[in-house]
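So the structure is just underneath, and the comments pick up after that.
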Amino acid sequence: MTQAKVLVIDDSITMRALFSEVLEQTKDIIVVGTANGAEQAREMIKSERPNVLTLDVEMPGMNGLDFLAEVMENRPMPVVMLSTLTQKGAETSMKAFELGAVDCFPKPQNSNPAEFAKISAKLGKLVLAAANGKVTAPSKSNRRKFDGTYHWDGKLVALSASTGGIEAILEILRTFPANCPPTIALLRIDPGFIAPLVTRLKGEIEADVKQAQDGMKLAQGCVYIAADPLAHVVVDKWPEGCLRFLDKEPVQGFKPSANLLFASMAKTGADTVGAVLTGMGSDGAAGLKALRNAGGATMAQDEATAMVYEAPAAAVAAGAVSQSVALGDIAKALLNASGKTE
């Protein structure tokens, strides 16, 4: 594993000190320096050679989003956005993901060591994963629409993703037809991003987009965003099935659990398709293996295109994957596994 050499960029001296202290509590993370804004950060990137940045949205002079765009164009590297603004809605958080941010991590409401201690493990894992991941700033050339004819054969599709998953899901779904197979997209993202993501998807893809709810019927032409951290999501039966929410403890630290979702699909039979996309941890591997054993089609995003390959790698290592697919080809692979395209 590559050591994370972090440059912390924030206009607040208190925030710089607190984030630096939190990050250095994680093994294999070194804070190589701190910068109070874009101008100082440019010089420190040259002199300290970090391999990951944490970047505040609100800064004097050039704001964080503009500096993120500059970094991704001139000297691409993994960037984790840190800001209270990323909790508040679509424009800021979705723009950061679109520009190539690995993730948007909300700052604690209170700027004190006790509050920061609560986030240390999660933030440390994220920054370390970012340093070992890939820079995948989306290309506008990839934003194509489905331009053929699709004939659904009755299969249900489910995707699982975490770090880097928002843009991966967007790229896949942009090329889905309006009559796509019923598709469940399980994402582990901050709850504040769910509604903005649904809104963005509604404006960019042809299929109907819904935030998953308990008892919701699964229908052709619909995509269901399952990201509520308070409920596991499973499928009660297939065909003619529904989504069901389970109020259980996290499974191996994850809620919602991709393992539970894929395992519930495995119980329904072979008319299902599952895929593990970019993300941290091993959630999804065991469930996808059960799905494959039941005769379902299974795949994972390949190492070359996954921002963070940890989750797909775990699925491959578990023998759960029938094929590894580049991000740009996953939509076609999913459609071919659940029907026929012309």
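Each value in this text was obtained by applying a stated rule to the coordinates, not by laboratory testing. As the structure is a computational prediction, the values presented were derived from the model and not from experiment. Positions of Cβ are backbone-derived with ideal geometry, glycine not excepted, and every protein chain shown enters the neighbour counts.
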Exposure proxy check on 104, 222: fewest-to-most Cβ neighbours within 10 Å is 222, 104
Listed with the fewest Cβ neighbours within 10 Å leading, 244, 292 appear as 244, 292
If the only charges are +1 at each Lys and Arg Cβ and -1 at each Asp and Glu Cβ, what is the size of the charge dipole of the range 4-131 around the Cα centre, to the nearest 20 debye?
400
Between residue 226 and residues 5 or more places away or on another chain, which pairs have amide H atoms under 5 Å apart, with H built 1.01 Å from N, and which residues are they?
185, 186, 187, 212
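Add +1 for every Lys or Arg and -1 for every Asp or Glu among the other residues with Cβ under 15 Å from the Cβ of residue 283, and state the total. Mind showing how you got there, number by number?
Working: positive: 122, 125, 188, 248, 255, 289; negative: 249, 310.
Once all neighbours under 15 Å are counted, the net charge is +4.
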To the nearest 20 debye, what charge dipole does the chain have about its Cα centre, counting +1 at the Cβ of each Lys and Arg and -1 at the Cβ of each Asp and Glu?
620
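As a test, work out the antiparallel percent of DSSP beta bridges whose residues both lie in the chain, rounded to the nearest 5.
On the way: 9 of 51 bridges.
If we restrict to bridges inside the chain, about 20 percent are antiparallel.
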Considering the options 74, 126, 7, tell which one lies farthest towards the positive end of the dipole of the range 4-131, charges being +1 on Lys and Arg and -1 on Asp and Glu at the Cβ, about the Cα centre.
126
Cα extents of the chain per principal axis, largest first, Å, are 57, 41, 33
Report the local net charge at residue 103: Lys and Arg +1, Asp and Glu -1, summed over other residues whose C-beta lies under 12 Å from its C-beta.
+1
Starting from one equal scatterer on each C-alpha and no solvent at all, send me the Debye-based log10 I(q)/I(0) for the range 212-291 at q = 0.14, 0.23 Å⁻¹, two decimals.
-0.42, -1.19
With the dipole of the range 140-341 worked out from charges on the C-beta (+1 for Lys and Arg, -1 for Asp and Glu) around the Cα centre, which of 316, 300, 330 lies farthest toward the positive end?
330
